[in-house]
1. Looking at Ala336, Ala404, Ala319, can you tell me which residue is farther than 30 Å from Arg208 by Cα and either part of a strand (DSSP E or B) or of a type in the set (Gly, Ala, Ser) (or both)?
2. Looking only at segment 320-345, which residues are touching a residue at least 60 places away in the same chain (Cβ under 8 Å), surrounded by fewer than 15 Cβ atoms within 10 Å (Cβ to Cβ) and either of a type in the set (A, V, I, L, M, F, W, C) or touching a helix residue (DSSP H, G or I) at 6+ places or on another chain (Cβ under 7 Å) (or both)?
3. Quickly run through segment 217-255 and pick out the residues that are of a type outside the set (Ser, Thr, Tyr) and surrounded by fewer than 16 Cβ atoms within 10 Å (Cβ to Cβ).
4. Just one of (1) part of a loop (DSSP other than H, G, I, E, B); (2) at pLDDT 95 or above; (3) in the same structural domain as Ser357 (by TED's automatic domain parsing) trips up Thr86, so point out which.
5. Before we move on, is Val464 surrounded by fewer than 22 Cβ atoms within 10 Å (Cβ to Cβ), touching a Gly at 6+ places or on another chain (Cβ under 8 Å) and either assigned by TED's automatic domain parsing to the domain that holds Leu502 or small (Gly, Ala, Ser) (or both)?
6. When segment 407-444 is examined, which residues are found to be part of a loop (DSSP other than H, G, I, E, B) and polar (S, T, N, Q)?
7. How many residues does segment 191-216 hold that are out of contact with any Lys or Arg (no Cβ under 8 Å at 6 or more places or on another chain), crowded, with 23+ Cβ neighbours inside 10 Å and within 27 Å of Lys393 (Cβ to Cβ)?
Amino acid sequence: MSVSPPRSRSHVSIPFAKSRDRSTFTAYLALIVLFILGSSCSQSVVRAADPQADPSAAGLRDAITTITSQSRYAQSTWGYSVMDLTTGEVLLAEADEKMFVPGSILKAYSTATVLNAYTHEYRFRTPVYRTGPIDQGVLDGHLILVATGDFSFGLRDRPDDTLAFNSAPEIDHNYADTGLPGPAILKDSDPLAALDELAAQVRAAGIRAIKGDVIIDDRLFETFREWPDGIISPIWINENVLDITLRTTASGRVAIDWRPKTAAYKVEAGKLKVVSKDAQTVLKTRLVEPGTVEISGQIAAGEKPLLQIWQIPNPADFARTAFIEALRRAEVTVGASTTGRNPVRLLPSATAYSEESKVAEHVSPPLAEFTKVIMKVSYNRGADLMLCLVAVKAGSRNCLAGIAEVTKTLVELGVPIESTFLFDGAGSDERDRTTPAAMTAFLRAVSGESYGETFRQGLPILGVDGTLAMNQQDSPAAGHVFAKTGSRIAGTPNDRVLITGLTHVGYIDAKSGRRLVHAVMLRDVPLASIEDLSATEDDLGAIEAIIQQGF
């Protein structure tokens, strides 16, 4: 079976992908990731009249209008809402009841809902059970790892009980298949860490050999394959991707490495050539036969390695192989075949597990750390997973049921139901809609919830970290704006590019000490160059800086 990489990256719409010239398409993807990460060519700060010259609402509006009235926005629509967090007074508003394409700010809705359902202190506890007795170190039965939806599962776990993430200009490995150079793999991370930990516990429980099979119980919810960003499964090993690193050598060859290395997959070069350093890198990754992933195309000569990712098509099968190998590293003999399908037919009833039969357990950092990663790096599949988890909490194994749970939470928080339409958890569906007024009402209500401060601290910080690390670094507003970013970009078959949605929403600690909530939304911006792209992202940060300095 041939499996393509995820159809779109964070908040990106590419309906013309099959018909485009591949080199142009790759360059276009690289452009998008620069945009997602907030990389800025101009590094501008507030490019408008100083709002302190006229601190009234009218003066602030004029300062914002200096930005929104630029010629590149002649065909575009702006909307914004600024509200006093304490009183709920609307301080500034423009088209705040109009619907916009939200992009990844929709992750704010998903993460708040899962924090509400599970609490910010919830931890994923992934157990391993035995189904038979242990006689002189031999398990006369099966060993079962029960998946619980822990997307890190050791990969991002740090000794201080937090999860690691990359901030701009570094990219997260989930965005690495654009061909952009630069760090993408987390430093000091180990995709097999949780499996090795569990295997060591199995050995410590007295099991030296397993007569039966090794099975992954992934029945928490039905593995979901219908959202734009790829497969959502209860079991995650390296976030269910292969990280494939390519490096050109002095001899004109391409060295290939990948992780995690298991018997499930090997990576080989197909028709892969090295071209001049000024040429375009164009790569294609595909499954050519069971267990063999092939990379073909051309790679520009250079010293920096490139990271590609390939999404695992059957996460439970992959996890089973990786767990068997971890058990063998721990000196536990496994007689079952290392590769092959996960034998779900051998699973007992989900109610058959008991504490007496539990032989190992991996405990994650708190859920607050997972929602932080989702919002800081704008992790699409992580946000979609949150919908699956809230569906489970509501008693359903169908991830789509999570959308109803998010909608229910929004209504309870005072968001008018007619203002918001959700089709996924990440904001990757072009049909998603919300309004600036809905977002500010939501943000103010969230601040009063038990998870409110956790939610706030999980947002990217202007000029400091996450997707906002490179925006307004030199502005006095840096460090005082906590905001989720979102964007969606579409291109035509003849290479014209349009921003269909660009959004920032969150909290502002104003210069005066006043606390604000805000939403700034923009739609339908034609783009001519990467300079226009980064300048547009900068403009939203500049508006936030005006608000922060003006109140």
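The values are calculated or read from the model by the stated rules, or taken from the named source; none is laboratory data. Computed from a prediction, not measured in an experiment: that's the story for all the values here. Quick reminder, even Gly has a Cβ in these numbers, built from the backbone with ideal geometry, and neighbours come from all protein chains shown.
1. Values: Ala336 fails: farther than 30 Å from Arg208 by Cα; Ala319 fails: farther than 30 Å from Arg208 by Cα.
The unique qualifying residue is Ala404.
2. Arg329, Glu331, Val344
3. We begin by selecting, within segment 217-255, every residue of a type outside the set (Ser, Thr, Tyr); these are 217-222, 224-232, 234-244, 246-247, 250, 252-255.
Passing the criteria: Arg219, Arg225, Glu226, Arg247, Ala250, Gly252, Arg253, Ala255.
4. All conditions are met except number (3).
5. On the way: surrounded by fewer than 22 Cβ atoms within 10 Å (Cβ to Cβ): yes; touching a Gly at 6+ places or on another chain (Cβ under 8 Å): yes; either assigned by TED's automatic domain parsing to the domain that holds Leu502 or small (Gly, Ala, Ser) (or both): yes.
Answer is yes for this residue.
6. Initially, segment 407-444 is screened for residues part of a loop (DSSP other than H, G, I, E, B), giving 413-416, 420, 422-432, 435.
Answer for segment 407-444, where residues must be part of a loop (DSSP other than H, G, I, E, B) and polar (S, T, N, Q): Thr420, Ser428, Thr435.
7. 3
Each row is one residue, and each column tells you yes or no for (1) modelled with pLDDT of 95 or more; (2) among the aliphatic types (A, V, I, L, M).
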| position | (1), (2) |
| --- | --- |
| Gln52 | no, no |
| Ala57 | no, yes |
| Ser71 | no, no |
| Glu94 | yes, no |
